[in-house]
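Nothing in this text is a laboratory measurement; each read-out follows from the coordinates by a stated rule. These numbers come from a predicted model, not from an experiment. Positions of Cβ are generated from backbone atoms using ideal geometry, with glycine treated the same way; all protein chains shown enter the neighbour counts.
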Amino acid sequence: MSDSNQSKPITGGEFLVRETPAADIFIPEEWTEEQLMMKQMCADFVNQEVVPHLDRMDNLEPGFMEGLLDKAAALGLLGISVPEEFGGMSMDFKTSMLCTEALGPGHSFSVAYGAQTGIGTLPILYYGTEEQIRKYVTPIVSGQWKACYCLTEPGSGSDANSGKTKAELSEDGTHYILNGQKMWITNAGFAHVFTVFARIGDDENLSAFILTRDMEGLTLNAEEKKMGIKGSSTRQVFFNQVKVPVENLLGGRGNGFKIAVNILNIGRIKLAGGVLGGAKDSCTDAIHYAIERQQFGRPIAKYGAIRFKLAEMAIRCYALESALYRATQNVDDAIAALVEGGMDKGQAVLKGIASFAPECALLKVFGSEVLDYVVDEAVQIHGGMGYSAETRVERAYRDSRINRIFEGTNEINRMLTVDMILKKAMKGELDLMGPAMGVANELMSIPDFGDAPDNVFDQYRGYVKNMKKAVLLVAGAAVQKLMMELAKEQEVLMNIADMVIDTYIAESVLLRTEKRVQKLGEEASVAQIAMMEAYITDACDRIHKSGKDALHSFATGDELRVMLMGLRRFSKTSGIHVRDTRRLVAAQLIEANRYCF
């Protein structure tokens with residue numbers, strides 16, 4: 001791995017070719033008292049205002065969700081990261097992420113909240129004129145107006161720039177006339193402000209417009225009937241000769257696709273924060289039930305099969321949290337550096353997040369799949385009761401499924417992760433070729449087994465270094481062999497993406513645990529060390545499987561044999577005592593009677 005850029009701030013995707021010292025990352029053990037108070041306020045809101053009324057919410061009781069958003073606004077929660085001059089709290093990205101996590105267990109409310117504060121607010125906040133921001137963002141933050149975001153169409157989902165909604169400038173040049181339809185629009189049933197993407201004439205890219213509900217020709221379909229998030233208002237929106245004043249064009253003509261992409265970057269990493277909160281909450285539900293439920297004369301929490309499940313749920317939550325706040329701090333640091341360099345704060349936020357777009361995409365994938373795993377196992381631990389609508393885990397199971405589709409499907413985000421990293425390399429922003437060639441040369445040399453590691457962190461740091469070599473081996477060979485055809489080989493891209501995701505998460509777990517031990521000591525971190533060992537050991541096995549599948553897809557003969565030997569070398573571990581490692585983790589969960597890490 002290259003250390004030549006060690007003094008420069010790390011940028012997106014660079015984790016593959018650069019070591020990060022544990023001291024350089026933020027870990028959740030470092031939250032300030034003020035931040036923890038914000039988190040507790042959000043958790044109290046969910047427990048007092050949302051959870052006791054889940055049936056009312058899921059039945060779409062008229063006015064109920066709007067009322068919840070009004071109550072959240074009264075606490076300042078609709079403008080956590082909005083500048084104070086526009087009615088917000090001006091808090092940093094990391095704090096807003098912590099609040100997103102704390103509100104994550106709110107089922108459909110967390111979806112409505114995310115739409116209001118994210119896609120409903122941010123396009124106008126970051127791309128609007130000052131007049132547009134004051135006119136629309138301030139009342140959105142106060143809760144006076146609710147907001148939604150209209151991008152998806154019946155024939156335009158993952159290919160967002162292919163939307164057919166049209167905007168034509170009127171003959172007198174005073175307004176645009178919009179015609180078309182949008183679907184799956186969250187908050188549409190009660191929104192007053194609509195950010196709508198439409199194509200002006202034959203423009204290559206979409207443009208964005210601010211519409212309001214009272215504009216003639218804007219109509220809604222009935223509420224969609226959905227598998228989950230039933231309390232979230234989801235409707236189709238139709239535009240029939242809607243007259244939109246020219247001053248409501250947002251961000252300039254043809255900039256709509258850029259707006260959509262940049263807002264999606266924020267949405268992806270924020271989704272990872274929300275699902276983390278949901279996963280922790282379902283983990284706690286499962287722990288409670290496992291302690292209370294008696295079978296064969298003892299609580300099921302005493303059985304190894306259940307303890308294994310509880311431990312694995314916690315390991316994945318811990319891993320997600322470690323990576324999420326590592327990336328969030330990286331984004332905050334990038335924003336601060338850009339502001340210090342003279343950039344406008346709003347533009348700095350967009351550029352700072354965009355610079356870590358690969359991490360945003362991979363965290364969306366990993367987070368949504370962690371939540372799906374956790375809620376599935378929570379249902380299993382509840383047994384027959386888990387299938388009953390009387391339990392929250394049944395609702396959590398159904399509500400979880402949309403997250404692998406939201407903000408770009410996980411398949412699209414996997415391919416985006418690899419694509420964005422390779423494009424950074426092609427632009428000269430990231431040196432992948434040098435390290436990849438170094439790995440290729442290493443394959444032809446006699447292995448250097450070196451000295452035995454001095455401690456567990458040296459040992460697992462070595463595993464993570466090798467994981468990076470495995471990614472560079474497979475990705476480098478794929479680029480060299482397939483070249484321009486690689487973009488069409490989606491199976492190979494998915495394999496490489498899974499290797500990249502496991503590598504980033506594994507390194508994040510290592511760095512968090514190492515820094516925790518430095519801060520709190522080894523005795524206070526026994527379970528965290530066990531979780532680190534379990535996650536990285538399993539990740540190495542997955543790296544081997546994904547890499548093997550990719551190599552078999554494009555390599556043959558001696559070339560394939562050499563690379564498979566190298567892959568095996570780079571994914572090898574000494575193994576762990578699987579049972580005892582997870583029993584140790586489960587014991588702490590059961591003693592605390594909640595997710596406690």
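Of all aspartates and glutamates in the structure, those lying under 18 Å Cα to Cα from residue 135, and not within fewer than 8 positions of it along the same chain, are 84, 85, 214, 247. Dividing the summed helix terms, -39500 (n - 2.57) for each DSSP H run of n ≥ 4, by the number of residues in the chain produces a 222 nm estimate of -18000 deg cm²/dmol to the nearest 500. Over the chain, Cα pairs under 8 Å with separation of 6+ residues give a relative contact order of 15 percent. Here 284, 186 are placed in order of increasing Cβ neighbour count within 10 Å, fewest first, which gives 284, 186.
Membrane-span-like helices in the chain (whole DSSP H runs, Cα extent of at least 27 Å along the helix axis, mean Kyte-Doolittle hydropathy of at least -0.5): 256-292, 304-340, 357-382, 456-482, 490-520, 526-554.
Considering only 104, 305, 236, and ranking their Cα positions along the charge dipole of the chain that arises from unit charges at the beta-carbon of Lys, Arg, Asp and Glu, the one farthest toward the positive end is 305. Dipole check for the chain: with +1 at the C-beta of Lys and Arg, -1 at the C-beta of Asp and Glu, and the Cα centre as origin, the magnitude is about 1120 Debye. Farthest towards the positive end of the charge dipole of the stretch 173-218, among the residues 206, 177, 191, is the Cα of 191, using unit charges on the Cβ of Lys, Arg, Asp and Glu. Cα convex hull, the stretch 148-253: 97 Å³ per residue, rounded to a whole number. The share of alpha-carbon pairs in the chain lying farther apart than 48 Å comes to 13%. Look at where the Cα atoms of the stretch 547-597 and of the stretch 134-163 average out, and the two centres are 41 Å apart.
Separation of the stretch 193-214 from the stretch 400-423 is 25 Å, based on Cα centroids.
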